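A.B. asks: Handing you a structure now.
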Amino acid sequence: MKNIPVVMIIFGGSGDLAHRKLYPALFNLYEQGLIHDDFAVIATARRPWSHDYLREQISDAIHETHAEVNENDVHDFASHFYYQSHDVTNVEHYQTLKKLAQDLNDRYSAEGNRIFYMAMAPRFFGTIATHINDQHLTSTGFNRIVVEKPFGHDLASAEKLNKQINASFKEDDVFRIDHYLGKEMVQNILPLRFTNPLIKNIWNTATIKNIQVTLSEQLGVEARGGYYETSGALRDMVQNHIFQIITLLAMPQPQNLEAASIHAAKQELLDSLLIPTKEEVMQHFVRGQYLGTDNTFGYRQEANVADNSLTETYVAGEIKFAKGPVAGVPLYFRTGKEMKEKKSRIDVVLKHQSNPYGSVHSNNLTIEIDPQMCIYLTINGKKITEPGIRREKLAYSFSKEELAQVPDGYERLLRDVFVNDSTNFTHWSELKRYWQFIDAVENVWAEDNQSAQPQMSEYLPYRMGPKAANHIFESATEHWIYE
Ligand code: BG6
């Protein structure tokens, strides 16, 4: 593999994301030779760490995520890391950072290539982008920037942030991370849809009744109550992960697999995204909050959460497109904290067709993303000893060895940043459409919050969420497949 010379600057270098995801992923890329001799990483954060202390942290992060490692490799890898105590609002600190980046560029022959990574609290993204620009931190080689979610809080703030970033980086150099796009089974959606005539030929409005996307989590908001209060499930999970999954499920076939073609096909679909009216939001969307039990807090009792909070920890709703292979087909989604189990899955429900056996189930195609990874088709056949029809599953699964080979999403996506492949990142024009949709729903809710009885369902923890979500469907014959 070609070694890519670069100086990488991570804002938020002492944080949880860097420790749990970025450092282990970078180590794997190092072990594969993608970055090797000619790279340096500057980790910045406010704390007064030393280079040595950072390197100890790097070593810990690798040991925590790898069963077996070569200690010399860990040591060599960590020696490429430098710590810079940095206050993102202090202009002078950017000058110090710039000087360090230049020195390391020369020391490591990094050819003027620079990758910036915003891995800290999103409220600082705009400030960092502004100072990267006004303090001229970009260099003479390639300059790329990776931006964590959330990218804005609504369309207006996302537009503002985008402008601040675009002052130094053109769209092709902006990598907006959605870690769901690095997941094996999410990356499997397009090959599944387009390489199997069996599936490709049924992927249309005539055959598909509805599609259901469930991203349920067992954990509550934990220590993130403060952030969550400003977000809620719709912004936290639907604006990005659920929308990206649904886009992959509904987009037309791209002309080829180049990033530009994939984004063009996504855009063609998103141009026809139907923005819900107030009536549609009231009818086809449900928001909820988890209640407490004897042993657990309800959402309103969590730390940094208002005791009259109207922030949703659960949302179910509907997305539709006017064009594309599944034009007019309802794409239902739901996501929530403190649900029965951790489960990310997609169910594609086929319409019934008349048959001489009477009332039998139709077929469902299920794609399990997490924690299992598999695809199965529920099909009918005859019962063995008695008359009638039974249901069985045709499954596509992975061996233990194959599962062990699946890289972490962050490793995949970081590799893509190094090799300049933006296929699995969110393009600005996609993000804009997602925000338009989310803003429409949020506006209806904001208005509803002023009413005497806002529509906020409560739900018992560790079950399937609010009962009201069973009534969001367009027709009486529809229901959630995964219960
Ligand atoms: C993040 C959300 O983007 O995704 C979290 O901010 C959520 O609230 C997480 O827990 C879920 O990701 P995964 O990969 O565990 O399904």
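A.B. asks: Go through the range 265-299 and count every residue that is surrounded by fewer than 16 Cβ atoms within 10 Å (Cβ to Cβ) and touching a Pro at 6+ places or on another chain (Cβ under 7 Å).
C.D. replies: Of the residues in that region, 3 qualify.
A.B. asks: In the range 200-218, what residues are more than 17 Å from the chain's Cα centre (by Cα) and either under 16 Å from Asp421 (Cβ atoms) or within 16 Å of the ligand (Cβ to nearest atom) (or both)?
C.D. replies: Result: Gln218, single match.
A.B. asks: Which numbered condition trips up Phe39, out of (1) surrounded by fewer than 18 Cβ atoms within 10 Å (Cβ to Cβ); (2) more than 13 Å from Glu411 (Cα to Cα)?
C.D. replies: (1)
A.B. asks: With the condition kept exactly as written, say whether any residue in the range 109-117 is at pLDDT below 95 and not small (Gly, Ala, Ser).
C.D. replies: No, there is no match, as no residue in the range 109-117 is at pLDDT below 95 and not small (Gly, Ala, Ser).
A.B. asks: Next question. Can you tell me which residue is surrounded by the most Cβ atoms within 10 Å (Cβ to Cβ) among those in the range 124-154 that are in a loop (DSSP other than H, G, I, E, B) and of a type in the set (Val, Ile, Thr)?
C.D. replies: Thr138
A.B. asks: Of all strands (runs of 3 or more DSSP E) completely enclosed by the range 366-483, which ones contain at least 1 residues that are surrounded by 13 or more Cβ atoms within 10 Å (Cβ to Cβ), out of contact with any His (no Cβ under 9 Å at 6 or more places or on another chain) and among the small types (Gly, Ala, Ser)?
C.D. replies: Filter on the range 366-483 gives 457-459.
A.B. asks: Which of the helices (runs of 4 or more DSSP H) contained wholly in the range 155-199 include at least 1 residues that are more than 16 Å from the ligand (Cβ to nearest atom) and of a type in the set (Ser, Thr, Tyr)?
C.D. replies: Per the criteria, 155-166, 189-195.
A.B. asks: Kindly check whether there is at least one residue in the range 404-426 that is without any contact (Cβ under 8 Å) to a residue 24 or more places away in the chain and either more than 16 Å from the ligand (Cβ to nearest atom) or under 30 Å from Asn162 (Cβ atoms) (or both).
C.D. replies: Scanning the range 404-426 turns up at least one residue that is without any contact (Cβ under 8 Å) to a residue 24 or more places away in the chain and either more than 16 Å from the ligand (Cβ to nearest atom) or under 30 Å from Asn162 (Cβ atoms) (or both).
The values are calculated or read from the model by the stated rules, or taken from the named source; none is laboratory data. In this text the structure is predicted, and so the values were computed from the model without any measurement. Counting neighbours? That spans all protein chains shown, and the Cβs are built from the backbone with ideal geometry, glycine included.
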